[in-house]
1. Out of all the residues in the range 111-142, which are small (Gly, Ala, Ser) and modelled with pLDDT of 95 or more?
2. Condition test on residue 53, is it open to solvent by less than 70 Å² (accessible area, probe 1.4 Å), within 17 Å of residue 148 (Cα to Cα) and either of a type outside the set (Phe, Trp, Tyr) or modelled with pLDDT of 90 or more (or both)?
3. If you go through the range 96-131 one residue at a time, how many are exposed (fewer than 15 other Cβ atoms within 10 Å of the Cβ), at negative phi, free of Cβ contacts under 8 Å to residues at least 60 places away in the same chain and out of contact with any His (no Cβ under 9 Å at 6 or more places or on another chain)?
4. Go through the residues of the range 83-93 one by one and say whether even a single one is under 22 Å from residue 56 (Cα atoms) and without any contact (Cβ under 8 Å) to a residue 12 or more places away in the chain.
5. What pairs come up if the first residue lies in the range 148-162 and is part of a loop (DSSP other than H, G, I, E, B), the second is open to solvent by 70 Å² or more (accessible area, probe 1.4 Å), and their beta carbons are under 7 Å apart, counting only those six or more places apart or on different chains?
6. Looking at 142, 148, 165, which is the one that is hydrophobic (A, V, I, L, M, F, W, C), at negative phi and loosely packed, with under 11 Cβ neighbours inside 10 Å?
7. Tell me which residues, restricted to the range 45-69, are touching a residue at least 60 places away in the same chain (Cβ under 8 Å) and more than 20 Å from residue 153 (Cα to Cα).
8. Condition first: touching a strand residue (DSSP E or B) at 6+ places or on another chain (Cβ under 9 Å), on the phi < 0 side of the Ramachandran plot, modelled with pLDDT of 90 or more and open to solvent by 70 Å² or more (accessible area, probe 1.4 Å). Can you find one or more residues in the range 29-49 that meet it?
Amino acid sequence: MTPVTLLVFSLLVLAILYGAAKIAERYRNPQKSEPEKIKDVGNFKFFKKRLLTPSEISFFNLLLRATPDLFVFTQVALSQLVGIPSGPEKLSSFNRINRMSVDFVLCDAQLNTLLAIELDDSTHDRPARVEKDLKKDTVLAIAGIRLIRIRVESIPTIEGLQQLIAL
């Protein structure tokens, strides 16, 4: 083999090894660049939604008047309210509550969770929803968070709500 052929062959082998290393790195660390991330969602249509339904807005305003000394948060992820101990079941437990939320959460001045409130309409009467609600009730009970369910059809007065909450 001539020195020129050996040089070309060596450069070719180095180029192949470099390319293989880059491909392997991409598989080990599949982070997308900013343009790629934008491209992932850029072709979809999005629109602004309201955070609460009209019934929830009405109840939220009532809740604010009934609990002026408390903070009221809406649509709080269950995973923000309850912790999951480390261990082999952590991911499985998290997946069971992932994407579940609570309509309203009342907190004191130190932002300690005092109470969760679910505002239930007729959709909560469906069998699948009843099962999902039972799971949510159980998770909150295990974590020691009191949950009140209020039917949209029977929202109490300010005084009735204060008695129901009774902190």
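1. Residues satisfying the conditions are 116, 141.
2. Spelling it out, it is not the case that residue 53 is open to solvent by less than 70 Å² (accessible area, probe 1.4 Å), within 17 Å of residue 148 (Cα to Cα) and either of a type outside the set (Phe, Trp, Tyr) or modelled with pLDDT of 90 or more (or both).
3. 14
4. Looking through the range 83-93, none of the residues is under 22 Å from residue 56 (Cα atoms) and without any contact (Cβ under 8 Å) to a residue 12 or more places away in the chain.
5. Partner pairs satisfying both residue conditions: 156/164.
6. Result: 142 is the single residue among 142, 148, 165 that is hydrophobic (A, V, I, L, M, F, W, C), at negative phi and loosely packed, with under 11 Cβ neighbours inside 10 Å.
7. Correct list: 67 only.
8. So far as the range 29-49 goes, no, none of its residues is touching a strand residue (DSSP E or B) at 6+ places or on another chain (Cβ under 9 Å), on the phi < 0 side of the Ramachandran plot, modelled with pLDDT of 90 or more and open to solvent by 70 Å² or more (accessible area, probe 1.4 Å).
The values are calculated or read from the model by the stated rules, or taken from the named source; none is laboratory data. Note that the structure is a prediction, hence the values are computed from the model and not measured. Because the Cβ atoms are built from the backbone with ideal geometry, glycine has one as well, and the counts that use them run over all protein chains shown. All accessible areas refer to the heavy atoms of the entire protein, side chains included, with ligands and DNA or RNA removed. Shrake-Rupley method; radii C 1.70, N 1.55, O 1.52, S 1.80 Å.
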